[in-house]
Amino acid sequence: MMTPASSAQKILLGTGLGLLMASGLALISGLISINNPSPGFIVIILGVILIAISFNTKSGTGILSSWFPEEDNENLRIRVEEDLAFTSKEEMIGSAWARLEHTMLSKELEGEE
């Protein structure tokens with residue numbers, strides 16, 4: 001199984017290369033001219049940026065490393081188990097407070113009657 005960083009790297013690299021290929025076709029057909037800067041150059045710049053980001057993402061560093069970590073299955077399993085344990089602990093605390101509040105309100109209502 002691929003890590004999230006590897007998957008993101010392949011997607012970014014493929015998208016960047018696709019944008020560069022589309023830009024090359026636009027240059028060949030004359031839609032984009034090197035002599036006249038046009039908004040079409042944004043596609044070229046975006047392609048280069050995506051390719052540059054893809055190399056940093058593969059190594060687990062760069063601006064997307066927090067979204068696409070470089071972790072194996074064991075580290076992923078441990079992180080998910082910790083998140084689940086934290087969530088269940090929070091739910092237990094919340095339900096304990098709800099039971100305590102219910103008990104206190106019931107006693108208060110009994111005292112008024």
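Quick note: the coordinates plus some simple rules give every number you see, no bench work behind them. Nothing here was measured: the structure is a model prediction, and the numbers come from that model. Glycine also receives a Cβ, built like all others from the backbone with ideal geometry; neighbour counts cover every protein chain displayed.
With an 8 Å Cα cut-off and a minimum separation of 6 or more residues, compute the relative contact order for the chain in percent. Show your work: numbers first, answer last.
Numbers: 78 pairs, mean separation 35.2, N = 113.
Normalised by residue count, the contact order of the chain is 31 percent.
Going toward the positive end of the dipole of the chain, with +1 on Lys and Arg Cβ and -1 on Asp and Glu Cβ, which of PHE68, ILE51, GLY111 do you reach last?
ILE51
Hey, what do the phi angles of segment 42-50 turn into as Karplus ³J(HN,Hα) couplings, whole Hz, using 6.51/-1.76/1.60 and θ = phi - 60°, x for Gly and Pro?
4, 5, 5, 4, 4, x, 5, 5, 5
Could you go through segment 105-111 in sequence order and give the Karplus-derived ³J(HN,Hα) for each residue, using 6.51 cos²θ - 1.76 cosθ + 1.60 with θ = phi - 60°, rounded to whole Hz, and x for Gly and Pro?
5, 5, 5, 5, 5, 5, x
Find the all-direction average of the projected area of the Cα convex hull for the chain, expressing the result in square nanometres with one decimal place.
Values: hull surface 53.1 nm².
Directional mean of the projected Cα hull area for the chain stands at 13.3 nm².
What's the magnitude of the charge dipole for the chain around its Cα centre, counting Lys and Arg as +1 and Asp and Glu as -1 at the beta-carbon? Answer in Debye, nearest 20.
Working: 7 positive and 14 negative charges, 230 e Å.
In total the dipole reaches around 1100 debye.
At 222 nm, what value in deg cm²/dmol follows for the chain if DSSP H runs of at least 4 each add -39500 (n - 2.57) and the sum is divided by all its residues, to the nearest 500? Could you put the intermediate results ahead of the total?
Numbers: 3 runs with 84 residues, N = 113.
Per the formula, -26500 deg cm²/dmol.
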